[in-house]
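The values are calculated or read from the model by the stated rules, or taken from the named source; none is laboratory data. What you see is a predicted model, and the numbers here were worked out from it, not measured in a lab. Cβ placement follows ideal geometry from the backbone for every residue including glycine, while neighbour counts extend to all protein chains displayed. Protein only, heavy atoms only, side chains kept; ligands, DNA and RNA dropped before computing areas. Shrake-Rupley method; radii C 1.70, N 1.55, O 1.52, S 1.80 Å.
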Amino acid sequence: RALIVDDEEMVRQVFKRGLASEFPGLTIELATNGLEAMKLFHLGHHGLVLMDLYMPLMNGERAYREIEGYCVKQNWAMPSVIFCTGYNASPDVRRIVAANPRHCVLQKPVKNQTLVDAVRSRLGV
């Protein structure tokens with residue numbers, strides 16, 4: 001299961017189409033911000049999250065922290081998180097990525113093959 005979180009409709013749809021064509025068995029859900037992502041994650045416990053960093057209501061970094069805390073509370077495995085941003089990642093996000101190779105940052109615009117390769121390496125397929 002994968003969760004794509006981005007406030008831009010076009011980005012969500014492009015990412016979804018690219019992943020669905022490459023990983024036909026992957027269930028993909030969409031969220032428009034970190035708050036919506038949290039609600040879906042509570043229900044779905046996704047193994048992979050593609051997360052924009054700058055969104056309204058709850059940004060990607062805060063959503064990551066909320067997901068991390070919820071996983072600890074539920075004794076769930078933390079999903080791989082691919083942060084996608086058109087801006088520079090904060091020092092905290094860079095530390096998150098440096099501390100765990102299951103996470104990464106991709107710079108928008110992201111080529112489909114770059115996204116697919118990042119997802120494939122995190123899903124182990």
*Ala20: assigned to a loop (DSSP other than H, G, I, E, B) and of a type in the set (Gly, Ala, Ser), yes or no?*
no
_So, in the range 19-68, exactly how many residues are among the β-branched types (Val, Ile, Thr) and farther than 18 Å from Val93 by Cα?_
3
_Cβ-Cβ distance below 8 Å, separation of 6 or more or different chains: which pairs start in the range 53-68 with a residue that is within 18 Å of Glu9 (Cβ to Cβ) and open to solvent by 70 Å² or more (accessible area, probe 1.4 Å) and end on one that is charged (D, E, K, R) and assigned to a helix (DSSP H, G or I)?_
Leu57/Glu36
*For the range 90-113, what are the residues that are open to solvent by 80 Å² or more (accessible area, probe 1.4 Å), in contact with a strand residue (DSSP E or B) (Cβ under 8 Å, 6 or more places away or on another chain) and more than 21 Å from Gly47 (Cβ to Cβ)?*
Arg94, Gln107
*From Leu43, Leu57, residue being more than 21 Å from Leu123 (Cα to Cα) and either among the polar types (S, T, N, Q) or out of contact with any Pro (no Cβ under 6 Å at 6 or more places or on another chain) (or both)*: Leu57
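Kindly provide the set of residues from the range 23-50 that are part of a loop (DSSP other than H, G, I, E, B) and out of contact with any Phe, Trp or Tyr (no Cβ under 7 Å at 6 or more places or on another chain), ordered by number.
Phe23, Pro24, Gly25, Leu26, Thr27, Thr32, Asn33, His46, Gly47 - these are the residues of the range 23-50 that are part of a loop (DSSP other than H, G, I, E, B) and out of contact with any Phe, Trp or Tyr (no Cβ under 7 Å at 6 or more places or on another chain).
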*Please verify whether the range 116-124 includes one or more residues that are in a helix (DSSP H, G or I), surrounded by fewer than 18 Cβ atoms within 10 Å (Cβ to Cβ) and among the hydrophobic types (A, V, I, L, M, F, W, C).*
yes
